[in-house]
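Report on the following structure.
The values are calculated or read from the model by the stated rules, or taken from the named source; none is laboratory data. Predicted, not measured: the structure shown is a model, and the values here were computed from it. In this analysis, Cβ positions are derived from the backbone assuming ideal geometry, glycine residues included, and neighbour counts consider all displayed protein chains. Remember, those area values only see protein heavy atoms, side chains included, never the ligands or the DNA or RNA. Shrake-Rupley method; radii C 1.70, N 1.55, O 1.52, S 1.80 Å.
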Amino acid sequence: MDPVRNPYAPGAGQRPPELAGRDREMRQFEVTLERVASGRPERSMVLSGLRGVGKTVLLNALRGLAVQRAWGTAKIEARPDQSLRLPVAQAVNAAVREVAHRHRDPDRVDAVAGVLKAFALRTELKDRKGIRWQPPTDVPATKGRADSGDLELDLIELFTDVADLARDLGVGIALFIDEMQDIETEQLAALCGACHEISQQGAPLIVVGAGLPHLPVALSASKSYAERLFRYVVVDRLPREAADRALMIPAASEDTEYDGQALDELYRLTDGYPYFVQAYGKVTWDAATGSPIRTDDVHHAAPEAEGELAVGFFGARYERATPAERDYMRAMADLGAFTADGPVLTADVASELGRKPQSLSPARDGLIKKGLVFAAERGAVAFTVPHFGKYLRGQRG
Ligand SMILES: Nc1ncnc2c1ncn2[C@@H]1O[C@H](COP(=O)(O)OP(=O)(O)OP(=O)(O)O)[C@@H](O)[C@H]1O
Ligand SMILES: [Mg+2]
């Protein structure tokens, strides 16, 4: 069918034509926003899940809810080895700009800008690399607020002042942090500490995070009370009914239907993983000759979808690994054949490779840092990418 009218959207953070199966999270977040804006105690949300399950898309949708309520919002993507201070300053600045123009008292706005500048200027030289953003130049930096150099204390002061400004307008500030697992432990602890203090004050500012499945563990390891600070939401593959909706609703907007068997086959192939749903939906649409889309069309399209996934979704990630890391992943994949690609013990990986466990730590740590693998339960690792084990086994023929 006409590729120009193809409604599907495979891609990183690509807004799906139908955000299927996330109604509960959206409703919960609306309640959170209302409660925070009215100064009631409330936990913020942290989304976690495998690659391609729709964390970024959900984070963006939650942000949309905050924007609808005229909140100040901003989003950061955390990076390994990058300090939080300047990215947070930049994000807070953007969020404040969204609300400041509605504020009646320009002096208050300038005072907050001065604190933000003081906070930003405390960034160490080495932490500036790669960030072009400069703090506002039209106000002088405040002295003695948010500029102690202690990230937690400075965040508390910055967040307090920014939240006060938003409260004057009856709204709040929401910061969204994607790839949150990449924040190093000490900074994560500082961020949790600041969120804890802010929520005790009842100040209308929340931090919403998203990251890989080990993010909740990383948060708890950084501060023992992190579990009580956030509501952890596991973003997972879509149940059958939601996966069908993700396919059918966009098609219906183009007057196209699926027959039931085609949907059966698509669910079997995609396992309900949102990225796969979009990828298979897209090629199936192009291969189909008309409505309804049939099983034959799916079969026709499947090799192309697999090919595209092999290059874009799996291959691109595999390429980023060193030879030692690739060996490690292949051993994981071989073991995974017996565990339905669930977590595998690092000790088993070592014996599979005929190596001492300690000698494999650099490969394991490298893979974790690259976000290809995560430490599941104690002494076990798993792929962050769904179907990755199956893909690697397929590579071997
Ligand atoms: N609820 C949903 N319904 C339908 N499609 C979805 C849904 N959520 C995400 N998608 C689609 O899945 C793909 C992956 O989404 P997204 O980039 O948000 O995943 P992610 O979890 O952030 O992945 P990564 O860990 O790689 O960053 C996109 O093409 C998006 O359109
Ligand atoms: Mg993402």
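Under 19 Å from the Cα of K129, which lysines turn up, not counting those fewer than eight places away in the same chain?
K117
Report in % the part of the accessible area of the chain that belongs to carbon and sulfur, leaving out ligands and nucleic acids; probe 1.4 Å. Don't jump to the answer; show the numbers that get you there.
Working: 9100 of 18590 Å².
The nonpolar share, carbon plus sulfur, comes to 49 percent.
For helix 151-168, what angle does its Cα long axis make with the longest principal axis of the chain, in degrees from 0 to 90 and rounded to 10?
Orientation of helix 151-168: about 80 degrees from the principal axis.
With a probe of 1.4 Å, find how much accessible area the chain has per residue, and write the answer as a whole number in Å². Show your work: numbers first, answer last.
On the way: 18590 Å² over 397 residues.
In whole numbers, the chain has 47 Å² accessible per residue.
Which sequence of M1, M332 reflects their accessible areas, 1.4 Å probe, from the largest down? Numbers along the way, then the final one.
Working: M1 45, M332 5 Å².
Putting M1, M332 in descending order of accessible area: M1, M332.
Give the calculated FRET efficiency between E186 and R240 to the nearest 0.05, with a Förster radius of 41 Å applied to their Cβ-Cβ distance. Can you show the working numbers first?
Numbers: r = 43 Å, r/R0 = 1.05.
After rounding to 0.05, the efficiency reads 0.45.
Under 16 Å from a label point 7 Å along Cα→Cβ of L153: give me every residue in the range 86-129 with its amide N that close.
Only 118-120, 122-123 pass the distance filter.
So if each residue of separation counts as 0.36 nm, and I subtract the Cα-Cα distance between D271 and S38, what length gain in nm does that give?
Working: separation 233, 0.36 × 233 = 83.88 nm, distance 4.11 nm.
Between D271 and S38, full extension yields an extra 79.8 nm.
Name the most mobile residue of G211, G272, G64, meaning the one with the largest mean-square fluctuation, in a Gaussian network model of the chain with Cα contacts below 10 Å.
G64
Say the cut-off is 30 Å between C-alpha atoms; which of K223/K356; K356/K390; K282/K370; K126/K369; K282/K369 go over it?
Checking Cα-Cα distances, K223/K356; K282/K369 exceed 30 Å.
Restricting to Cα pairs below 8 Å that are 6+ residues apart, what does the relative contact order work out to for the chain? Please round to a whole percent.
Numbers: 655 pairs, mean separation 79.4, N = 397.
Over the chain, the number comes to 20 percent.
Please give the calculated 222 nm ellipticity per residue for the chain, where each DSSP H segment of at least 4 residues contributes -39500 (n - 2.57) and the sum is spread over every residue; nearest 500 deg cm²/dmol? Before the final figure, lay out the partial values.
On the way: 17 runs with 204 residues, N = 397.
Dividing the helical sum by the residues of the chain leaves -16000 deg cm²/dmol.
Of the peptides 101-107, 217-223, 16-22, how do they stack up when ordered by the mean number of other Cβ atoms within 10 Å, highest first?
Details: 101-107: 10.1, 217-223: 19.0, 16-22: 20.9.
The packing order, highest mean first, is 16-22, 217-223, 101-107.
Work from the charge dipole of the chain (Cβ charges, +1 for Lys and Arg, -1 for Asp and Glu, about the Cα centre) and give the residue of T73, L188, P140 farthest towards its positive end.
Highest projection toward the positive end goes to P140.
Give me the one-decimal nm value for the distance between modelled label points at V67 and R79, 7 Å along each residue's Cα-to-Cβ direction.
It works out to 2.4 nm between the two label points.
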